[in-house]
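Structure first, then comments.
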């Protein structure tokens, strides 16, 4: 396994993250087979079974991958993973996230990010995201969360976003205040 990042089951905010296992392939593909999910992604054909299987196997080999369920309905919502963990620099990349359309536009992505970040910041000081510049949906989701885009490194087709533990604590307080105002 290439990524020894801690990968326990996570439960909270109405979601359940289970470490990705071989028996999840069919259930996860039932979500991923929707071409609209991959419309803004460089791998636009990831909805095809053979292409998705390669993606799935890579996630299994890389480690740090989760299948995501709605904790109430037990419905599979999608997947995410932590990868490229740098323990000495206290950084990890959080990404490869995809959600089925029933989880779009209803706060699921925000809850997913919050649960994942709460887990990640138990182990690191910084969480990064890397995405293709054409992936506007992911870019907008990160910006909506207030996560800042970092300077581009060598490839202008790749975008990088970063969040430090200190910034996360400020985000957590901000979102907690928003939730208490809504009740």
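The values are calculated or read from the model by the stated rules, or taken from the named source; none is laboratory data. Please read all numbers here as calculations on a predicted model, not as lab measurements. Please note: Cβ atoms are built from the backbone with ideal geometry, for glycine as well, and neighbour counts cover all protein chains shown.
At-a-glance table
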item	result
Check on residue 110, surrounded by 17 or more Cβ atoms within 10 Å (Cβ to Cβ), at pLDDT below 90 and either over 25 Å from residue 36 (Cα atoms) or within 14 Å of the chain's Cα centre (by Cα) (or both)	no
Identity of the residue in segment 88-108, part of a helix (DSSP H, G or I) and either in contact (Cβ under 8 Å) with a residue 40 or more places away in the chain or touching a helix residue (DSSP H, G or I) at 6+ places or on another chain (Cβ under 7 Å) (or both), that ends up nearest to residue 163 (Cα to Cα)	108
Filter result for residue 66 (out of contact with any strand residue (DSSP E or B) (no Cβ under 6 Å at 6 or more places or on another chain), at pLDDT 95 or above and buried (at least 16 other Cβ atoms within 10 Å of the Cβ))	no
For residue 85: the one exception among (1) in contact with a helix residue (DSSP H, G or I) (Cβ under 9 Å, 6 or more places away or on another chain); (2) touching a residue at least 60 places away in the same chain (Cβ under 8 Å)	(1)
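Each row is one residue, and each column tells you yes or no for (1) surrounded by 14 or more Cβ atoms within 10 Å (Cβ to Cβ); (2) at pLDDT 90 or above; (3) more than 26 Å from residue 41 (Cβ to Cβ); (4) touching a helix residue (DSSP H, G or I) at 6+ places or on another chain (Cβ under 9 Å).
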site: 127; (1), (2), (3), (4): yes, yes, no, yes
site: 130; (1), (2), (3), (4): yes, yes, no, no
site: 153; (1), (2), (3), (4): no, no, no, no
site: 162; (1), (2), (3), (4): yes, yes, no, no
site: 178; (1), (2), (3), (4): no, no, yes, no
